[in-house]
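Read the figures in this text as sums done on the coordinates, not as results from a lab. These numbers were taken from a predicted model, which means no experiment stands behind them. Cβ placement follows ideal geometry from the backbone for every residue including glycine, while neighbour counts extend to all protein chains displayed.
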2 protein chains.
Amino acid sequence: MAEKGSESEWVVMATGRSPTNIAVIKYWGKRDEDLILPINDSISLTLDPLHLSATTTAAVSPGFSRDRMWLNGKEIPLSGERYQKCLREIRKRANEVSDEKKGLKIKKEDWESLHVHISSYNNFPTAAGLASSAAGFACLVFTLAKLMNVKEDLGQISSIARQGSGSACRSLFGGFVKWTMGNNADGSDSLAIQLADEAHWTDLVVIIAVVSSKQKETSSTSGMRETVQTSALIKHRAETVVPARMLKMEEAIANRDFASFAKLACSDSNQFHAVCLDTSPPIFYMNDTSHRIINLVEKWNHSEGTPQVAYTFDAGPNAVLISPNRKTAALLMQRLLYQFPPNQETDLTSFVVGDKSILQDAGVRSMKDIENLEPPTEIKDKVPHQRFTGDVSYFICTRVGSGPKVLTDETLALLDPVTGLPK
Amino acid sequence: MAEKGSESEWVVMATGRSPTNIAVIKYWGKRDEDLILPINDSISLTLDPLHLSATTTAAVSPGFSRDRMWLNGKEIPLSGERYQKCLREIRKRANEVSDEKKGLKIKKEDWESLHVHISSYNNFPTAAGLASSAAGFACLVFTLAKLMNVKEDLGQISSIARQGSGSACRSLFGGFVKWTMGNNADGSDSLAIQLADEAHWTDLVVIIAVVSSKQKETSSTSGMRETVQTSALIKHRAETVVPARMLKMEEAIANRDFASFAKLACSDSNQFHAVCLDTSPPIFYMNDTSHRIINLVEKWNHSEGTPQVAYTFDAGPNAVLISPNRKTAALLMQRLLYQFPPNQETDLTSFVVGDKSILQDAGVRSMKDIENLEPPTEIKDKVPHQRFTGDVSYFICTRVGSGPKVLTDETLALLDPVTGLPK
């Protein structure tokens, strides 16, 4: 058992913060449901944790009688197989931890019998469908690994996070990340690799349109299972289309070639939704608002003759829009606000969140400025150009960001250092 | 030149009526744009011309100075290549016509120099996106062939109609029709074949939900061109998926096997829309209302454990729903009216048109009855079950019907027998 200088019960904690990520070559379909092994490689952009991230504190104490977890302040069961797998795999790799200040030593073999408390918090609405499980599982595994002094590299850690939520493995790195599907039956080589860090291509601006949706959506777990079982197109996508696109996307990112990047990202998002539609029963994640956002972008890109913005949609109606620079992002923001103005009762501060400087670049300082926006030139002469008030709930302006970090500032911990319970 | 008993100018006319059709294995993509040769076979149901058809009168007179055409009472140019092709191909096959009563004879060689007047009328809104061009071109070619005493069989005639509008070839027959893509470079073997006539499977009931849409839609001509050029999935669909489905669908129709029929029809409709989505830029024909209709059907089919209804969508948001019998159609009608009630100002007579007896079977005799409908059992316990008032403009109840017919009743002609101008 753990040795301790004094007889009083101690609590040891670690706190981590992990980003979310958005795939530009999509993961859809597993070849192994238990190990979460995908049928194709994928590529994602890590989003700035300042705007979209999970923070997790993991604590251990001989006083804890069982493993417990709180998500956004509410206790949730840890009994699910996915949580259990992550805990088990990290515990297996735990090492000796000693804290001289506290005068304690946790031996390697102690970890099997010690219980943990975990508290996790997303700095964005979980319900918004913004890959909260990716950030969450990445953060859980990253933080537990820190707590337990796991020595494996981030690639190996990502392979554990993958077993919590497939796309979580891509949140172990900043910048541009590839999830390589791997060949091994045990999944040991199905892990994330950083293609380039966040300093590689700093001009990119990301605007997320959070789309109001009343529809209950198909979970991605059951959705992709049904696609693999019933779509007549998914095999061709996974085996033929994606491998070719992976090479091109890696090249586009390496060369900061926005035109190729945008073309590939849009096509792959559309193809992912196409195979969802080809599923029986069909799965619809995009709605009329999503379609209108695509049409807005396609019309603008077409009128300029070269891509101004890329779009990609995950398993929900929200649009993730990527611009090559701030200037284009400001022009995009004008177009978005023109076509999707907020409801009267909304205030601008909560309608555009994140990096608000994009809003200033767009020359929008008040709700009145939105009302007075001119229709963009590419639709000016075409009637009707309707404004769809309230169809976008809010916008998040962000950028490509860094990978998981340990938060050493103890005031940021989500658990009380004495009780080990949520603050 | 034509001989005539008297010196006064004569007019000879023929009037035909052709049905529209709805594909259950979809045609999408041409291998030859000029000849309109498809990249895969397709299968359709001919719909009852009583509810959905084109009527065309074609007239010839030495007094006509040029070819002219009127569509729904409005003169339209005949200069388009598709019209010209149909006229040319039919004229090539024209034969001697003699009318003893009128005492005239038109020689085979006369047809090249004689001009025609054509008037065509759809008994359903052209704008509703209900394959009006299929019925229209089928009727044009069928009626001109009658006028000019063309001896070729309907299969050969269908190959000419195909050059006006691809799917028009399938409107040359009643019942269940296959368009075989053919092999010949000149398109001579790309024609329609009747799989079974309308008497083969009389129980089927067809309900069309005409969905309100404000979006301008991509024309199917340019849409399918873009799909062939840009979709990474269309080739696999055309070469691998459709051939297998054709065999199964022919078998399902031969055996009146509704469960297989429904499964194939729904899957193929969804796959057609999937390849549209996989097009760059993506094409959206279905909207949120279309998706809701699909969800309604899928939920019901799932809860019953066996397909109650099949759905299929063409290049627009309208749903074509096929029930195996009147009893199921009445239950479907209740569900549709529950979820998509009419606006207050709509009257029931114009909200459900065609074979209104389905409405009586559904126990709906008034707007009040629609208001009072109970939610169907499969959604009863699930909240929210919203009613989407006004999202469906109207319903057409119809059935599988017969092929083109000559209308001998001269009062039905659309051209004046003396002037050769629209009545």
Completion exercise
at B:Ser212 the sorted inter-copy label distances (label 7 Å from Cα on Cβ side), in nanometres, are 1.7
Fill in the blank from the handout: Percent relative contact order for region B:120-172, counting Cα pairs under 8 Å at least six residues apart, stands at 41
Fill in the blank from the handout: In degrees, nearest 10, the alpha-carbon axis of helix A:326-339 is tilted away from the dominant principal axis of the alpha carbons of chain A by 70
Problem - Using alpha-carbon coordinates, inclination of helix A:288-304 to the longest axis of chain A, degrees - result: 60
Handout entry: Inter-label distance for B:His115 and B:Ala199, nm, one decimal - labels placed 7 Å from Cα along Cα-to-Cβ
Key = 4.5
Fill in the blank from the handout: Once the mean of 1/r over all distinct C-alpha pairs in region B:145-271 is inverted, the Kirkwood radius in Å reads 17.0
Fill in the blank from the handout: So the pair-distance distribution of region B:258-394, from every Cα-Cα distance in 10 Å bins, comes to percents of 11, 40, 36, 11, 1
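Order these peptides, B:144-151, B:60-67, A:272-279, by their mean beta-carbon neighbour count within 10 angstrom, highest first. Spell out each step's value before the answer.
Working: B:144-151: 21.6, B:60-67: 15.6, A:272-279: 27.2.
Peptide ranking by packing, descending: A:272-279, B:144-151, B:60-67.
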Problem - Derived scalar couplings ³J(HN,Hα) [region A:265-270; Karplus, 6.51 cos²θ - 1.76 cosθ + 1.60; whole Hz; x for Gly, Pro] - result: 4, 5, 4, 6, 4, 4
Handout entry: Subset of A:Lys102/A:Lys423; B:Lys151/B:Lys356; A:Lys85/B:Lys248; A:Lys30/B:Lys26 violating a 32 Å alpha-carbon distance limit
Key = B:Lys151/B:Lys356; A:Lys85/B:Lys248
Fill in the blank from the handout: Relative contact order of region A:205-398 (C-alpha contacts under 8 Å, at least 6 apart) in percent is 31
Practice task
Grab the beta carbon distance between A:Arg256 and B:Ala254, set R0 = 60 Å, and tell me the FRET efficiency rounded to 0.05.
Solution key: 0.55
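With a Förster radius of 30 Å, plug the Cβ-Cβ distance of B:Thr377 and B:Gln344 into 1/(1 + (r/R0)^6) and report the FRET value to the nearest 0.05.
On the way: r = 27 Å, r/R0 = 0.92.
Between B:Thr377 and B:Gln344 the formula returns 0.65.
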Problem - At most 12 other Cβ within 10 Å, DSSP loop - GluC sites (Glu not before Pro), region B:311-398 - result: B:Glu345
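What does the convex hull of the alpha-carbon atoms of chain A project to on average, in nm²? It would help to have the intermediate numbers written out before the result.
Details: hull surface 84.4 nm².
Its Cα hull, projected and averaged over all orientations, spans 21.1 nm².
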Exercise for the section: Filter the GluC sites (Glu not before Pro) in region A:71-115 to those in DSSP coil with at most 16 other Cβ atoms within 10 Å of their Cβ, and list the result. Expected result: A:Glu96, A:Glu100
Problem - From phi via Karplus (6.51, -1.76, 1.60), per-residue ³J(HN,Hα) for region B:24-38 in Hz, x at Gly/Pro - result: 10, 10, 7, 8, 8, x, 10, 9, 9, 5, 6, 7, 6, 10, x
Fill in the blank from the handout: Residues whose modelled amide H sits under 5 Å from the amide H of B:Ala196, counting only those 5 or more places away in sequence or on another chain, are B:Phe176
Handout entry: Cα gyration tensor of region B:175-237 - equivalent ellipsoid semi-axes, whole Å, descending
Key = 27, 25, 11
Problem - Built amide H within the under 5 Å cut-off of A:Trp70, gap 5+ - result: A:Ile76, A:Ile118, A:Ser119, A:Ser120
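Would you mind computing Rg(Cα) / (2.2 N^0.38 Å) for region A:9-197, counting N as its residues?
Details: Rg = 16.1 Å, N = 189, 2.2 N^0.38 = 16.1 Å.
Normalised Cα radius of gyration, region A:9-197: 1.00.
Across the residues of A:230-240, average count of Cβ atoms on other protein chains within 10 Å? Intermediate values should be presented prior to the final figure.
On the way: counts 2, 5, 12, 11, 1, 2, 7, 4, 0, 0, 3.
Mean partner shielding for this stretch: 4.
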Problem - Cα-centred dipole magnitude for chain B, charges only on beta-carbon of K, R (+1) and D, E (-1), debye, nearest 20 - result: 180
Handout entry: 0 to 90° range, to nearest 10: angle between helix A:132-147 axis and chain A longest Cα axis
Key = 30
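In percent, what relative contact order does chain A have, based on Cα pairs under 8 Å that are 6 or more apart in sequence?
Relative contact order here is 23 percent.
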Practice task
Would you mind giving the mean number of other chain beta-carbons within 10 Å of the Cβ of each residue in A:279-290, as a whole number?
Solution key: 5
Fill in the blank from the handout: Cα-based Rg then Dmax for the protein assembly as shown, in Å, read 32.2, 128
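Provide the net charge surrounding A:Thr227, with neighbours chosen by a C-beta distance below 12 Å and charges set as Lys +1, Arg +1, Asp -1, Glu -1. Mind showing how you got there, number by number?
On the way: positive: A:Lys26, A:Lys30, A:Arg225, A:Lys235, A:Arg237; negative: A:Glu226, A:Asp278.
Here the charged neighbours net out to +3.
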Fill in the blank from the handout: Taking every other residue with Cβ under 9 Å from the Cβ of A:Val406 and scoring Lys and Arg +1, Asp and Glu -1, one gets +3
Exercise for the section: Only residues of region B:70-87 count here: report those whose backbone N is under 19 Å from the spot 7 Å along Cα→Cβ of B:Lys102, or say none. Expected result: B:70
Fill in the blank from the handout: B:Thr306 and B:Asn325 label points (each 7 Å along its Cα→Cβ direction) are spaced in nm at 1.0
Practice task
Sort shortest first the distances from B:Asp409 to its counterpart in every other copy, using label points 7 Å along the Cα-to-beta-carbon line, and give them in nm.
Solution key: 8.6
Practice task
Report, for A:Thr240, each distance to the same residue's label point in the other copies, shortest first and in nm; define the point 7 Å along Cα→Cβ.
Solution key: 0.5
Practice task
Give, in nm to one decimal, the length gained when the segment between A:Lys405 and A:Asn72 is fully stretched (0.36 nm per residue of separation minus the Cα-Cα distance).
Solution key: 118.0 nm
Exercise for the section: Show that you can apply the helix-only estimate: for chain A, add -39,500 (n - 2.57) for every DSSP H stretch of four or more residues, divide by all residues, and state [θ] at 222 nm to the nearest 500. Expected result: -9000 deg cm²/dmol
Handout entry: Separation of the B:Ser212 and B:Leu412 label points, Cα + 7 Å toward Cβ, nm
Key = 3.5
Completion exercise
HN-Hα couplings for region B:369-374 via Karplus (6.51, -1.76, 1.60; θ = phi - 60°), in whole Hz with x for Gly/Pro, come out as 4, 5, 3, 8, 4, 7
Handout entry: Compactness relative to 2.2 N^0.38 Å, alpha carbon Rg of region B:327-423
Key = 1.54
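Taking beta carbons within 10 Å but only from partner chains, what does the mean come to for residues B:260-272? Write out the running numbers ahead of the final one.
On the way: counts 0, 0, 0, 1, 0, 0, 3, 8, 2, 2, 11, 10, 2.
Mean shielding by partner chains, rounded to a whole number: 3.
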Fill in the blank from the handout: With T = 4 °C, eta = 1.567 mPa s and Kirkwood Rh from C-alpha pairs, the Stokes-Einstein D of region B:306-377 in µm²/s is about 100
Exercise for the section: Please list, in chain and number order, the residues 5+ apart from A:Asn21 or on another chain whose amide H is under 5 Å from its amide H, with Hs placed from the backbone. Expected result: A:Leu47, A:Ala135
